[in-house]
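A short reminder: the numbers here are calculations on the coordinates, not readings from a lab. Since the structure is predicted, the reported quantities are computational estimates derived from the model, not experimental observations. Using ideal geometry, Cβ is built from the backbone for each residue, glycine included, and neighbour counts are taken over all protein chains shown.
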Amino acid sequence: MRYRLGGIGAAVLVTVVLIWHAPAAREKPETKKGADLLKRGEYLVSRVALCGDCHTPRDDKGQPDRSRMLQGATLTFKPKKETKSWADKAPDITRSGLAGEWSEEGMAKVLTTGVNPEGHKTIPPMPPFRLDRDDARAVAAYLKSLPGNKEKKEKRGDK
């Protein structure tokens with residue numbers, strides 16, 4: 001009898017452990033891998049390349065408007081010397097902008113070569129990034145995950 005109770009106790013313990021760890025076991029590797037890719041992209045966009053410095057509009061106090069992150073902005077600085085090739089605006093790089101127009105491959109191309117999918121070089125002050133392939137994919141995936149301006153997407157016919 002004592003052995004039977006011990007066996008039942010062990011079975012209950014194993015069942016509890018399996019139930020406790022079941023959510024982690026059910027998480028698909030692709031899901032974790034995708035989440036890691038987005039996290040890496042967010043880090044590169046926010047902390048390394050500082051994309052928001054140019055691509056996010058400013059509020060009345062000159063602070064980034066967090067409700068319109070990366071949705072394009074008029075640049076508030078100019079080069080010391082007049083130059084014929086200088087962008088006055090930074091485009092929307094969320095899904096309602098370039099991330100919605102370009103494929104992941106096209107976005108990776110501009111981030112690894114400095115040449116956009118149409119074959120044009122980036123215009124200063126945008127630097128001609130030379131990210132490695134994995135970092136470029138992470139940035140592209142993150143930017144494509146940002147919904148951006150809903151009204152702009154509807155005008156383009158996106159959902």
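Peptides 65-71, 137-143 ranked from most to least packed by the mean count of surrounding Cβ atoms within 10 Å: 137-143, 65-71.
Pairs from the list Lys89/Lys109; Lys33/Lys144; Lys61/Lys89 with a Cα-Cα gap above 24 Å: there are none. Evaluated with a Cβ-only charge set (Lys, Arg +1; Asp, Glu -1), the range 48-95 carries a dipole of roughly 140 debye about its Cα centre, given to the nearest 20. Here the range 48-159 was treated as a single set of alpha-carbon atoms; its pair distances binned every 5 Å from 0 give 2, 12, 20, 24, 20, 14, 6, 1, 0 percent. Residues whose amide H falls under 5 Å from that of Leu70, counting only those 5 or more places apart or on a different chain, are Thr56, with hydrogens built in the peptide plane.
Among 56-63, 97-104, 121-128, sorting by the average number of other beta carbon atoms lying within 10 angstrom of each residue, highest first, gives 97-104, 121-128, 56-63.
By the rule of a C-alpha distance below 14 Å, with chain neighbours fewer than 8 residues away ignored, the aspartates and glutamates paired with Lys150 are Asp92, Asp158.
Once both labels are positioned 7 Å from their Cα atoms along Cα-to-Cβ, the gap between Asp60 and Glu101 label points is 3.2 nm.
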